[in-house]
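What follows is one structure encoded as structure tokens, with my remarks underneath.
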Amino acid sequence: MKIRKVLAAAAAAVVGVTGAMAHAPVAEAQQRNVVLFGDSLLANPPHKFVDFVNPGFTTGVTLAEHSSCPKGVDRVGVELERRHGARVSDFSCSGAATYGTLNNHSPLAMQVDQALHSQQLNPHTTNVHMQIGLNDNFKGFGIYAHQKQAYRDYVGHQIDRIRHAAPNARIQILGYPEMIGAHDFVCPVHFNQVDLNFPFAPLGNSLRAVADWQRTVAADKNVEYFDLARATHGHGQCAPKTQRWVSGFLDNQSDPYNMTFHYTHEGNRHIADIIARTW
């Protein structure tokens, strides 16, 4: 009889402990305080040409808090918040370059200025992602060696400023995604039943040049370079529609998008997922 009482008491204790564990609050993971710097791939404002070709494809435009540049309602930063619970301060701007002056609305230095003045870049910042440089190919005229050194100097200085303001942040230079096809083929037309592709080496050369600049400055400053082209292999503008995350130019067959040669709305979601997996 005593044995039965002891066993019953033990069983009750186990059930009680198990129940308490089942109802105990789960400790929430640390919220990510993320800062984004970059060009139109991240800013993704809607473009009137897309509205003309594909009425209803684009989504709204907004001014992100603390930033002076218009941005798309659908963009990578929004998906990082929506899908991964991060708090994102997005300073990206369409047309941005690091040092070029031609039509450079918000150079990287200005974006960092805004982040510092608004105090969104601070010791509580956990992650900084910077995707910039492709526009420098077109706006920072000069021979390749000059462009590379200028990029290293300008971006390196901004990384120093970021690190000083956000000493606990993981700084990542984000490469560009796979945008074109193999052997530098571009696929600008997916219109009705017409698909057009042809080789365009200048764009391929530009993408390879920027990747080299980014890797170099990442090594210079001991920060991370993430090869987004490898992570998005098979999802550029020449991919089949169901796998295509980058739009063409005259394109009514891809998933909806805001800008030509930029992420589709579905692409924004996938890019956000890829970035979040690096945290």
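The values are calculated or read from the model by the stated rules, or taken from the named source; none is laboratory data. Quick caveat: nothing in here was measured; it's all calculated off a predicted structure. So basically every Cβ, Gly included, is an ideal-geometry build from the backbone, and we count neighbours across all protein chains shown.
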- With the condition kept exactly as written, say whether any residue in the range 166-179 is assigned to a helix (DSSP H, G or I) and surrounded by fewer than 22 Cβ atoms within 10 Å (Cβ to Cβ). no
- Restricting attention to the range 65-74, does a residue exist that is at pLDDT below 90, crowded, with 21+ Cβ neighbours inside 10 Å, under 26 Å from Asn205 (Cα atoms) and of a type outside the set (S, T, N, Q)? no
- Item | Considering residues of the range 187-214 that are outside any loop (DSSP other than H, G, I, E, B) and of a type in the set (Phe, Trp, Tyr) only, the residue surrounded by the fewest Cβ atoms within 10 Å (Cβ to Cβ) | Phe198
- Within the range 42-96, residues being more than 18 Å from the chain's Cα centre (by Cα) and of a type in the set (Asp, Glu) number 1
- Taking only the range 160-206 into account, find how many residues are of a type in the set (Ser, Thr, Tyr) and free of Cβ contacts under 8 Å to residues at least 24 places away in the same chain. 0
- Item | Selection from the range 144-158 of residues that are within 14 Å of Ala219 (Cα to Cα) and either of a type in the set (Ser, Thr, Tyr) or in contact with a Pro (Cβ under 9 Å, 6 or more places away or on another chain) (or both) | Tyr151
- Query: Looking at Arg152, is it surrounded by 13 or more Cβ atoms within 10 Å (Cβ to Cβ), in a helix (DSSP H, G or I), in contact with an Asp or Glu (Cβ under 7 Å, 6 or more places away or on another chain) and in contact (Cβ under 8 Å) with a residue 12 or more places away in the chain?
  - Reply: yes
- Gly234 being surrounded by 22 or more Cβ atoms within 10 Å (Cβ to Cβ), under 29 Å from Glu81 (Cα atoms) and among the small types (Gly, Ala, Ser): no
- Given the structure, is Gly133 part of a loop (DSSP other than H, G, I, E, B) and touching a helix residue (DSSP H, G or I) at 6+ places or on another chain (Cβ under 9 Å)? yes
- Message: Between Val223, Val246, Val217, which is touching a Ser or Thr at 6+ places or on another chain (Cβ under 8 Å) and crowded, with 18+ Cβ neighbours inside 10 Å?
- Response: Val246
- Query: Given the conditions (1) at pLDDT below 95; (2) of a type in the set (D, E, K, R); (3) under 16 Å from His129 (Cα atoms), which single one is not true for Glu81?
  - Reply: (1)
- Query: Restricting attention to the range 154-199, which residues are among the basic types (Lys, Arg) and over 23 Å from Gln30 (Cβ atoms)?
  - Reply: Arg161
- Just give me the residues in the range 256-278 being surrounded by fewer than 20 Cβ atoms within 10 Å (Cβ to Cβ) and of a type in the set (Phe, Trp, Tyr), in sequence order. Phe261
- The one condition Gln253 fails out of (1) buried (at least 18 other Cβ atoms within 10 Å of the Cβ); (2) more than 17 Å from Leu134 (Cβ to Cβ) is (1)
